[in-house]
Amino acid sequence: MSETFDAIVIGTGQSGPALAARLSGAGMKVAVVERKRFGGTCVNNGCIPTKALVASARAAYMARRGGDFGVMIGGDIAVDMAKVKARKDAIVARSTQGVEGWMKGLENATVYQGHGAFEGPRTVRVGDATLEAGKIFINVGARASTPPIPGIETVPYLNNSSIMEVDFLPEHLLVLGGSYIGLEFGQMFRRFGAEVTIINRGPRLISREDEDVSEAVREILENEGIRVLTDTGDWRIEKRGDGLACLMTCGGAATEAEGSHLLVATGREPNTHDLGLEAAGVSLDARGFIEVDDQLRTNVEGIWAIGDCNGRGAFTHTSYNDHEIVAANLLDDDPRRVSDRITTYGLFIDPPLGRVGMTEREVRASGRKALIGRRPMSRVGRAVERSETQGFMKVLVDAETKEILGASLLGIGCDEIVHSLLDMMYAKAPYTVIQRAMHIHPTVTELIPTMLGELEPLN
Ligand SMILES: Cc1cc2nc3c(=O)[nH]c(=O)nc-3n(C[C@H](O)[C@H](O)[C@H](O)COP(=O)(O)OP(=O)(O)OC[C@H]3O[C@@H](n4cnc5c(N)ncnc54)[C@H](O)[C@@H]3O)c2cc1C
């Protein structure tokens with residue numbers, strides 16, 4: 001069976017569905033291909049389920065802290081992991097079904113459930129069906145990768161997908177990887193009641209961030225009783241009874257960490273290995289990401305790559321923004337580009353980190369004249385009222401243009417508050433605009449103008 005379309009969308013991640021809707025809305029005949037669960041990583045085993053679990057973990061944490069607020073809860077705080085998982089599953093199911101219903105209900109669109117692979121630059125095969133189109137959009141995402149660690153094959157281990165099925169409390173979770181995913185799961189399981197050890201290769205956690213941010217994050221985790229090992233190497237996994245041990249060097253000396261369960265959170269790789277891209281002539285970079293230009297076109301005319309598989313972002317918002325760029329160029333005569341966007345993301349430990357633009361390290365490396373403002377959360381009224389004073393806010397400004405260069409906000413609500421700076425950056429407005437704005441009291445955001453009024457030269 002062969003059918004011809006105007007457009008084929010492979011994968012229903014965070015950009016494919018929205019793009020399919022735009023294309024079908026513009027009157028195009030569209031094929032949507034999904035081999036697994038509609039909505040992809042974010043919906044099924046990424047952002048949405050992890051944040052649902054983080055919310056349960058925070059509820060447990062706040063219940064244990066009830067006494068700090070004069071709220072007395074008798075007895076130990078117990079976490080029912082089956083209920084935690086059921087709540088998360090219900091939230092996921094709503095989102096997955098929402099995307100599935102949306103795609104199946106689109107006018108002019110046909111949904112194919114199966115693995116899609118190119119047979120040529122205009123041809124995609126899904127099972128028995130051969131689909132032809134002049135425009136093909138690849139939104140196949142990425143998956144957890146496991147590095148070659150000696151002994152890992154001797155133990156069952158979890159990754160960000162399989163951990164979603166955990167409905168029990170691991171006695172002691174070892175987390176390999178001290179980056180965003182590892183830290184979110186590590187803190188969450190500690191709050192559920194597990195012992196947790198985080199093992200990081202590099203000398204500090206979340207090494208893309210500034211050192212003061214890494215240090216403050218480490219302190220937050222250690223304050224909750226998480227063991228954090230950094231500067232480790234030569235990992236070797238050994239089965240020990242019902243559990244396991246990770247043997248390693250730590251700061252050059254031999255050491256080990258024992259646990260009951262292992263989560264491997266060391267990185268992700270694109271789903272480009274089984275797409276038949278060679279049949280289409282689409283180029284990959286050395287790490288397997290699809291090479292694209294600033295408007296997300298691959299080297300083959302009529303084929304675009306959007307979302308994590310193009311290596312231009314690793315977030316739901318970057319993937320969604322990819323669809324906006326492609327749709328703007330194709331349908332709106334608006335030449336939007338990837339380079340128009342400003343880097344921004346969150347780390348959803350509690351309290352969260354909201355990041356935008358350049359780090360302090362990047363600003364220093366750029367050699368430009370800059371100003372810096374810094375405020376500990378212990379000097380933020382809202383944080384004090386809530387007895388949640390961990391973290392700090394830091395903002396960097398260009399001394400000559402007065403434009404905001406970047407910010408790292410670590411503290412309660414900072415995943416939301418960072419947008420006040422992000423929007424100023426998109427407006428290319430000088431920091432003095434926000435410095436003069438009157439904000440609501442008592443909020444965390446009211447201290448942003450204050451912090452901007454206390455800038456000092458970055459020496
Ligand atoms: C644990 C975790 C937490 C995260 N938290 C956040 C967060 O808080 N905020 C954030 O912004 N980002 C977060 N992310 C990242 C975010 O989930 C991804 O960046 C986002 O899902 C974008 O993915 P995508 O659109 O590229 O494709 P995906 O969402 O990965 O979807 C790709 C889809 O393509 C399908 N597919 C693949 N190959 C084929 C094929 N050959 N044929 C047919 N279908 C195919 C897959 O089944 C899948 O449905 C998190 C990720 C993880 C793992």
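General observations
- Vicinal HN-Hα couplings computed from phi for the stretch 401-406 (Karplus, 6.51 cos²θ - 1.76 cosθ + 1.60; Hz; Gly/Pro x): 7, 6, 7, 6, 9, x
- Mean sequence separation of contacting Cα pairs (under 8 Å, at least six apart), scaled by the length of the chain, corresponds to a relative contact order of 14 percent.
- For D234, the solvent-accessible surface computed with a 1.4 Å probe is close to 120 Å², ligands and nucleic acids excluded.
- Dmax and Rg, reported as Rg then Dmax, of the stretch 60-138 (C-alpha, Å): 23.7, 67
- Non-local lysine pairs in the chain, meaning eight or more places apart or on different chains, with alpha-carbon distances under 26 Å, amount to 20.
- Only protein heavy atoms count here; on that basis, with a 1.4 Å probe, D80 has an accessible area of about 80 Å².
- Long-range HN-HN contacts of T110 with modeled amide H, under 5 Å: V30, A31, V32
- Per atom type, the chain shows carbon and sulfur on 50% of its accessible surface, probed at 1.4 Å.
- Charged side chains reduced to their Cβ positions (Lys and Arg at +1, Asp and Glu at -1) give the stretch 184-320 a dipole of some 340 debye around its Cα centre.
- Taken about its Cα centre, the chain carries a charge dipole of roughly 580 debye when the Cβ of each Lys and Arg holds +1 and the Cβ of each Asp and Glu holds -1.
- Largest-first principal axis extents, alpha carbons of the chain, Å: 67, 62, 45
- With the charge dipole of the stretch 1-123 set up from +1 on Lys and Arg Cβ and -1 on Asp and Glu Cβ about the Cα centre, the Cα lying farthest toward the positive end among the listed residues P17, A31, P49 is that of P49.
- Summed over the residues of the chain and divided among them, the accessible surface reaches 44 Å² per residue at a probe radius of 1.4 Å.
- Cα centre as origin, Lys/Arg/Asp/Glu Cβ charges: the stretch 402-459 dipole, Debye: 200
- Cα gyration tensor of the stretch 118-262 - equivalent ellipsoid semi-axes, whole Å, descending: 36, 19, 16
- Under 14 Å, Cβ to Cβ, from S179 - net charge with Lys/Arg +1 and Asp/Glu -1: +4
- Looking at the chain alone, DSSP beta bridges between its own residues are antiparallel in about 60 percent of cases.
- Net charge contributed by nearby residues that have their C-beta within less than 10 Å of A55 (K/R +1, D/E -1): +3
- Share of pairwise Cα separations in the stretch 244-376, more than 27 Å, in percent: 47
- Farthest toward the positive end of the dipole of the chain, out of L158, A59, F137, is the Cα of A59, where the dipole comes from beta carbon charges about the Cα centre.
The values are calculated or read from the model by the stated rules, or taken from the named source; none is laboratory data. Everything numeric here is computed off the predicted structure, so don't read it as measured data. Here the Cβ is made from the backbone with ideal geometry for all residues, glycine too, and neighbour counts use every protein chain on show. Accessible surface is based on the protein model in full, side chains and every heavy atom, while ligands, DNA and RNA are left aside. Shrake-Rupley method; radii C 1.70, N 1.55, O 1.52, S 1.80 Å.
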